[in-house]
Amino acid sequence: MKFLIFSDSEDSAKQVMTFLRGKGDFVLSSTERNESISKYGAQKVLLLEGKPDPKGIASILSDEFSNGGYDYILIASTVLGRDIASLFSGQKSLEVTPEIFDLKFNETTVITKRYGLGGKAVLEEESKSKVFTFLTGISEDVPGDGVSPKETRSIPEGAVKILEIEMKKEKEVNLEKANIIVAVGRGLGKKEGIQQIDPFVKAVKGEFAGSRPVCLDYHWLSEDRQVGYSGRTVKPKVYVALGISGQIQHIAGMRGSKVVVAVNKDKNAPIFQEADYGIVGDLYQVVPKIMSHL
Ligand SMILES: Cc1cc2nc3c(=O)[nH]c(=O)nc-3n(C[C@H](O)[C@H](O)[C@H](O)COP(=O)(O)OP(=O)(O)OC[C@H]3O[C@@H](n4cnc5c(N)ncnc54)[C@H](O)[C@@H]3O)c2cc1C
């Protein structure tokens, strides 16, 4: 079995390679130049140089796929990756199965897993696809042995000319790498609640995160701290949810957490179904009590 991978993100590339290790041979193609991506067991790393024109990248992948004896292509599900997946599959007249997070092989088909119903269900499906976008942010990232050889390819310019690339402001926080996350929801009730909870976040050496209302509607926390379906996907060792009801769009972003602690004053809040430890109570009374035991 041989796989071609594309990822324009270092973290996603590492996760896809870790996932494929032991399933077959794989070649990584990437616009990401960080040396560390060559330590994940790829047969080779194709460094794509030039402006990241999706059509140009899709045509490189299309040639590589035709000539390299590949069985499948996995494209990390980033903004650019999703563009490229549709262009690639159009060029080759192959169907895409999007957003998978697991892949197993039958004799003639593959069994994929992906989330359905807004993250409420896991769909296990038999697929004849050869093209997949891979949902990252929920899988492990473990380096392999050795260092992969590198080749470079120049990205041809497509019909769209990229005049300038302006990098996004540095992310304030790398929630994906955080070991402990303290996430607050609408139950916080007021912006000043952030300062009140801050000593707890510091005491547990955690990172603040929030539900969508907290980050997007009220701006009590910055937007890059939103966890969920339309926010970040995190998998900390401990996820503390304070005043979060646990709607499926939020759960979709934190269900990879190892241990979930929930504080909510409503004993029927759905977050308790996800929680390993649940405390029914007012977060402003519960948090100081936890603090007094730290
Ligand atoms: C397309 C789409 C995408 C979305 N994407 C996301 C996403 O990425 N992330 C996300 O979070 N949401 C997302 N949402 C919104 C989501 O559906 C919910 O509306 C949101 O998660 C609710 O946030 P919450 O739990 O903070 O608020 P609420 O649902 O209002 O819950 C507040 C909770 O706080 C509890 N509470 C109140 N006061 C206290 C107190 N003093 N102490 C303890 N508990 C208290 C209440 O009992 C309640 O359970 C999305 C929605 C849509 C339609």
Taking the Cα atoms only, what angle lies between the long axis of helix 79-92 and the longest principal axis of the chain, rounded to 10 degrees? 30
Enumerate by residue number the trypsin sites (Lys or Arg not before Pro) in the range 156-243 meeting two conditions: DSSP loop (anything except H, G, I, E, B), and at most 15 other Cβ atoms within 10 Å of the site's Cβ. K161, K168, K169, K171, K190, K191, K205, K237
Two-site label geometry, K265 and K113: point separation in nm, points 7 Å out along Cα→Cβ: 3.8
Each label sits 7 Å from Cα toward the beta-carbon; between L294 and Q195 the label points are separated, in nm, by 1.8
Taking loop as defined by DSSP and a crowding limit of 13 other beta carbons within 10 Å, which trypsin sites (Lys or Arg not before Pro) in the range 57-152 fit? K120, K128
For the Cα atoms of the chain, what angle does the longest principal axis make with the long axis of helix 10-20, in degrees from 0 to 90, nearest 10? 70
Just check the chain against the gyration tensor rule for me: Cα atoms, a ≥ b ≥ c as the square roots of the eigenvalues, rounded for a/c under 1.5, and otherwise prolate or oblate depending on whether a/b exceeds b/c. prolate
If the cut-off is 16 Å between C-alpha atoms, which aspartates and glutamates fall inside it for K258, apart from same-chain ones fewer than 8 positions away? E140, D141, E176, E207, E274, D276
Show that you can apply the helix-only estimate: for the chain, add -39,500 (n - 2.57) for every DSSP H stretch of four or more residues, divide by all residues, and state [θ] at 222 nm to the nearest 500. -7000 deg cm²/dmol
Run through the range 247-294 and list the trypsin sites (Lys or Arg not before Pro) located in a DSSP loop whose Cβ has at most 15 other Cβ atoms within 10 Å. K258, K265, K267
D282 to L94: extension gain in nm, 0.36 nm per residue of separation minus the Cα-Cα distance? 62.4 nm
For the range 175-291, what class follows from the C-alpha gyration tensor (a ≥ b ≥ c being the square roots of its eigenvalues): rounded when a/c is under 1.5, otherwise prolate if a/b is larger than b/c, else oblate? rounded
Treating only Lys and Arg (+1) and Asp and Glu (-1) as charged, each at its beta carbon, one finds that the range 2-154 has a dipole about its Cα centre, in Debye to the nearest 20, of 120
In a GNM of the chain with a 10 Å cut-off on Cα contacts, which of G41, G185, G146 has the highest mean-square fluctuation? G146
Estimated FRET transfer efficiency when R0 is 30 angstrom, pair D71-V147 (beta carbons, to 0.05): 0.75
Multiply the residue separation of E157 and D63 by 0.36 nm, subtract the distance between their alpha-carbon atoms, and state the gained length in nm to one decimal. 32.3 nm
Percentage, to the nearest whole number, of Cα pairs in the range 45-140 over 21 Å apart: 35
In the Gaussian network model of the chain, springs joining C-alpha atoms below 10 Å, which of L48, L123, L242 carries the largest mean-square fluctuation? L123
Where does helix 193-203 land angle-wise versus the long Cα axis of the chain, in degrees 0 to 90, nearest 10? 70
In the structure shown, do any of K51/K177; K92/K177; K113/K265; K39/K161; K191/K289 have a Cα-Cα gap over 32 Å, and if so which? K92/K177; K113/K265; K39/K161
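Bear in mind these aren't lab numbers, they're just calculated from the coordinates by the rules spelled out. Keep in mind that this is a model prediction, so the values were computed, not measured. For neighbour counting, all protein chains shown are included, and Cβ atoms are generated from backbone atoms with ideal geometry for every residue, glycine included.
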